[in-house]
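Contents: one structure, followed by commentary.
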Amino acid sequence: MVKPFVVGLTGSIGAGKSTVARLFAHRGAQVIDADALGHAALHERREAIVAAFGDGILDERGEISRSKLGAVVFADAQKRRALEAIVHPHIRHQAEEQIARSEARLVVVDAALLIEAGWHRVCDQVVYVDAPWEMRLERVKARSGWDASALEAREAAQMPLTFKRAHANHIVENHASLEVLQGRVDDLLRLWGFPTPPPPSPS
């Protein structure tokens with residue numbers, strides 16, 4: 001089995017990283033969603049997480065509440081690092097297993113914390129998705145109901161955006177139409193040697 005070409009996809013909050021992942025998928029890539037793996041990790045590492053943070057993070061069914069856990073760890077950097085120490089190795093192991101089993105030529109690892117967790121080291125290329133602050137704020141307002149202070153707090157809990165950008169091989173700006181964004185994805189695919197549909201002829 002030929003090892004797939006692995007692209008790590010990260011970006012600023014609200015920049016449209018998941019949209020870029022879907023556009024890669026439209027061109028035949030297998031997308032590994034680290035957020036989905038993180039959801040599963042909360043269940044699979046439940047005992048260790050509850051032991052670290054107590055029963056107050058559980059919902060009425062006895063499952064870990066993401067909102068309750070988030071309120072705890074985003075208010076305390078030490079607790080956030082403790083959670084990451086529990087779940088990040090599990091997520092990386094699951095991602096590496098999926099890459100090893102993949103029959104796709106191209107695998108995209110969609111992970112907001114790609115650089116923080118060190119997952120970029122298993123990638124052949126890293127792509128950083130960005131967009132202007134005002135556009136990102138409007139997106140997270142519509143998606144999650146966050147205001148500017150909430151977005152700023154979440155970004156403060158991550159590595160500085162300038163540091164993440166510096167670790168990327170390519171920057172994809174997402175501030176135009178979906179068609180323009182697909183064109184930027186296709187440009188990267190052609191650069192890496194993957195076939196794409198020909199661009200539309202000028203009218």
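The values are calculated or read from the model by the stated rules, or taken from the named source; none is laboratory data. The structure displayed is predicted, hence computed values, not measured ones. Neighbour counts are summed over all protein chains in view; Cβ atoms, including those assigned to glycine, are modelled from backbone coordinates with ideal geometry. The accessibility values were calculated without ligands, DNA or RNA, using every heavy atom of the protein model including side chains. Shrake-Rupley method; radii C 1.70, N 1.55, O 1.52, S 1.80 Å.
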The one condition in (1) at positive phi; (2) open to solvent by 30 Å² or more (accessible area, probe 1.4 Å) that G62 fails to fulfil: (2)
Residue pairs meeting the criteria (Cβ under 7 Å; at least 6 apart or on separate chains; first free of Cβ contacts under 8 Å to residues at least 12 places away in the same chain and open to solvent by 10 Å² or more (accessible area, probe 1.4 Å), in the range 4-32; second of a type in the set (G, A, S) and not in a strand (DSSP E or B)): none
What is the residue count in the range 48-59 for residues that are open to solvent by 90 Å² or more (accessible area, probe 1.4 Å) and modelled with pLDDT of 95 or more? 0
From the list R154, R139, R143, R165, exactly one residue is closer than 30 Å to R80 by Cα, open to solvent by 90 Å² or more (accessible area, probe 1.4 Å) and within 19 Å of the chain's Cα centre (by Cα). Which is it? R143
Filter the range 38-57 for residues that are out of contact with any helix residue (DSSP H, G or I) (no Cβ under 7 Å at 6 or more places or on another chain) and either among the acidic types (D, E) or outside any helix (DSSP H, G or I) (or both) and give the result. E47, G54, D55
Does A75 count as under 21 Å from G11 (Cα atoms) and either modelled with pLDDT of 95 or more or assigned to a loop (DSSP other than H, G, I, E, B) (or both)? no
Within the range 101-122, identify whether any single residue is in contact with a helix residue (DSSP H, G or I) (Cβ under 7 Å, 6 or more places away or on another chain), surrounded by 14 or more Cβ atoms within 10 Å (Cβ to Cβ) and farther than 18 Å from D33 by Cβ, and answer yes or no. no
